[in-house]
1. Say whether the condition of being crowded, with 21+ Cβ neighbours inside 10 Å and within 11 Å of chain B (Cβ to nearest Cβ) is met by at least one residue in segment A:103-119.
2. Please go through (1) among the small types (Gly, Ala, Ser); (2) in contact (Cβ under 8 Å) with a residue 40 or more places away in the chain; (3) surrounded by 15 or more Cβ atoms within 10 Å (Cβ to Cβ) for A:Gly132 and return the number of the only condition it doesn't satisfy.
3. So how many residues does segment A:105-128 have that are outside any helix (DSSP H, G or I) and under 18 Å from B:Leu190 (Cβ atoms)?
4. Considering segment B:177-197 alone, what residues qualify as being without any contact (Cβ under 8 Å) to a residue 60 or more places away in the chain and either within 8 Å of chain A (Cβ to nearest Cβ) or touching a strand residue (DSSP E or B) at 6+ places or on another chain (Cβ under 8 Å) (or both)?
5. Within segment A:173-200, take every residue that is crowded, with 21+ Cβ neighbours inside 10 Å and part of a helix (DSSP H, G or I) and give me the one that is farthest from the other protein chains (Cβ to nearest Cβ).
6. I'd like to know if segment A:306-316 contains one or more residues that are of a type outside the set (Ser, Thr, Tyr), assigned to a strand (DSSP E or B) and either assigned by TED's automatic domain parsing to the domain that holds A:Ser223 or touching a residue at least 60 places away in the same chain (Cβ under 8 Å) (or both).
7. Name the single residue that is nearest to the other protein chains (Cβ to nearest Cβ) among those in segment A:136-157 being buried (at least 17 other Cβ atoms within 10 Å of the Cβ) and among the charged types (D, E, K, R).
Amino acid sequence: MARIELVNLTKTFGPVVAVRDLSCVIEDGEFVVFVGPSGCGKTTTLRMIAGFEDPSAGEVRIDGRVVNDVEPRDRGLGMVFQTHALFPHKNVAQNIEFGLRMKRVPRAERARRVRHVADQVHIAHLLDKMPGQCSGGEAQRVALARTLVTEPSTFLLDEPLSSLDAKLRRELRAECDRLHQALKRTFIYVTHDQEEAMTLADRIVVMRAGAVEQSGSPMQIYSDPVNAFVADFFGSPSMNLVAGEVVPVDGAKRFRSPRFDLPLPPRFAAVAPGRVTLGIRPEHVGVRRGDHGDTALPVRLVEPLGKDTLLYFDDGTPRAFIAVSEGLHLAELAPGAPVALAFDPARLHLFGEDGRRVGGEL
Amino acid sequence: MTKSNRRRIASLVRHGLLGLWAVIAFFPIYWMVATSFKPDTQWFAWPPVYFPDPPTLANYLNVWFGAEQYASTQYAISSQKPLVSLGNSAIIATASTVLAVLAGSVIAYGVSRYRILSEARMFQLLMLRMIPPIVVVAPLSLYYSAVGLLDTFTGLILVYFLTSLPYAVWMTKSFIDEVPREIEQAAEILGASRWRTMFEIVLPLIRSGLVATFLFILILTWSEYLLALIITKTQVTTVPIELSKYQGSTEGRVYGRQAALAVGITVPLMIVGLIIRRHLARGFSFGMVRR
């Protein structure tokens, strides 16, 4: 059982501020994913929770107790590292057993628990092998087993899947999810992969430049991003962002840019005229063949993916404007042809010049 | 000339030069071994005798076992105790080297992981070793005589331990630096203390490096002469001191006996080197601890 509180946590390395005044509560049993681009401070935050970095300011509390001065081994946590960090000179069984040996668990009991946990993550056949003989996916399962066997109150996972290929990643992601369901322990997971964050998390904490940008459920983060950064970071392909301005026309507001001119729904009535960025996710862009839409753009590239088709439009910027259309019925659109696009007004976002979202709640 | 012919000739020239260099380098060693088997009439023979004729064990028997039948010759040496000094050297060199590598790796671990010494201090540590031993040897023998360490095992082991410690720290540190921190942190968060982590995780991982360091320091202490000469007298002689006794005595140079002794004190190092050669190759080309 562990509830972890981060209170005004700050970490500086010389002149570099890695984590800036971060406060966050991770409830017992919650699966929290810290996500952000590299260098955003997510791993430093995790390492402060683990005790490998001393906070420059602020507190880490586990179940109400301040643990700033508690050694990593006395915090009751388990950690899985990006590089697996298996002990290369010990075989798999000895690797898994290590934590139990440190806790002076009797030999017979150790053997039983190693066996059990090896079955749990499907590596029973590897017990006699050396880490060097294991594949990347196997090594990460061993690392997971090594942590599992000590029954920590909280699992810290530092980009555990980033060194694996896509298929293994999906497989082990499901494994993590299953373990969390089964163990009902706190999981704190760090990744730069928004898809991992979306699929695993109860709650996502989006970080940038050492600070939390937004914290919320995957759905909140996805459909209700507080700023352009979060909007852009989540989703694949990511949200279309179009620079333009809000202009008042006949008492209503319109969004205008060189290629777009569309009415804004009433919830944006209070937005002051001026420069903004319009955001809309590719799946909320309707493609109408021949029909009237909000605008018409020439097709630059068509990517049939099987289940959907990705359409890249030329909106006059280097970054293409993207729409996703279900099925393959648009797959043979010829590049260059203008196509009418319609935007779901309920899904439009506007971001001010500082990147923060403006306009009414969704 | 075709390209492949050019390559072949270049390769021939290269190997020829290397072969020549090898002959130049190995000749003195051959000469030592050959001389050790020569009867005394061939030691300074001119023209030189390249192959002992007939080979004899007289030098070995006299030097190592003080065999009396050879003691009657002009060059007989029977007053020394080479086997004893070989034993002394083995004890002193092994003990001081083991101590230096152990202490050195503990210090190196502290430097590598906890920055107990700054870069500048580390450099100073090595510079300390650059002081010519001749500078310290006189004061040292004064102190040693005051505290009764002169001509003792403890005295020599201590001074060898201290003089090789900087090397041990520098060498082992470079190996420890290569061990990924995350492996240690994994051990730490699994409940291992820092000492435990060091002895159970880090040191076994740099095993090959430790062996390489061990041999390097062993060779240095095994063949150290000056300090041994000044701070030992009769009780604790080491092999280099023993070797010097065969030179410049009233009879001139007793080459054959000296060569037999030299071969005898070289062989143990070669045996150690052979036993650990697998580690040496890895130790001196240390890199990947990770898979």
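1. No, segment A:103-119 has no match at all.
2. With (1) among the small types (Gly, Ala, Ser); (2) in contact (Cβ under 8 Å) with a residue 40 or more places away in the chain; (3) surrounded by 15 or more Cβ atoms within 10 Å (Cβ to Cβ) applied to A:Gly132, the lone miss is (3).
3. Of the residues in segment A:105-128, the ones outside any helix (DSSP H, G or I) are A:105-106, A:121-123, A:127-128.
Now drop any that are not under 18 Å from B:Leu190 (Cβ atoms), which leaves A:105-106, A:121, A:123, A:127.
Selection size over segment A:105-128: 5.
4. The answer is B:Glu182, B:Gln185, B:Ala186, B:Ala187, B:Glu188, B:Ile189, B:Leu190, B:Gly191, B:Ala192, B:Ser193, B:Arg196.
5. Ranking the qualifying residues of segment A:173-200, first place goes to A:Gln194.
6. Restricting attention to segment A:306-316, the residues satisfying the condition of being of a type outside the set (Ser, Thr, Tyr) are A:306-308, A:310-311, A:313-316.
From the residues that got through so far, the ones that are assigned to a strand (DSSP E or B) too are A:308, A:310-311, A:313.
Filter again for either assigned by TED's automatic domain parsing to the domain that holds A:Ser223 or touching a residue at least 60 places away in the same chain (Cβ under 8 Å) (or both), leaving A:310.
Scanning segment A:306-316, I find at least one residue that is of a type outside the set (Ser, Thr, Tyr), assigned to a strand (DSSP E or B) and either assigned by TED's automatic domain parsing to the domain that holds A:Ser223 or touching a residue at least 60 places away in the same chain (Cβ under 8 Å) (or both), so the answer is yes.
7. Quick first cut of segment A:136-157, residues buried (at least 17 other Cβ atoms within 10 Å of the Cβ) only: A:137-150, A:152-157.
So of that shortlist, the ones also among the charged types (D, E, K, R) come out as A:138, A:141, A:146.
Values: A:Glu138: 11, A:Arg141: 15, A:Arg146: 7 Å.
It comes out as A:Arg146.
Per-residue answers, yes or no, for (1) in a helix (DSSP H, G or I); (2) of a type outside the set (Phe, Trp, Tyr); (3) at pLDDT 90 or above:
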{"position": "B:Ser4", "(1), (2), (3)": "yes, yes, no"}
{"position": "B:Ile9", "(1), (2), (3)": "yes, yes, yes"}
{"position": "B:Leu18", "(1), (2), (3)": "yes, yes, yes"}
{"position": "B:Ile24", "(1), (2), (3)": "yes, yes, yes"}
{"position": "B:Trp31", "(1), (2), (3)": "yes, no, yes"}
{"position": "B:Ala34", "(1), (2), (3)": "yes, yes, yes"}
{"position": "B:Val49", "(1), (2), (3)": "no, yes, no"}
{"position": "B:Leu61", "(1), (2), (3)": "yes, yes, no"}
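The values are calculated or read from the model by the stated rules, or taken from the named source; none is laboratory data. Because the structure is predicted, anything quoted here is derived from the model rather than measured. Positions of Cβ are generated from backbone atoms using ideal geometry, with glycine treated the same way; all protein chains shown enter the neighbour counts.
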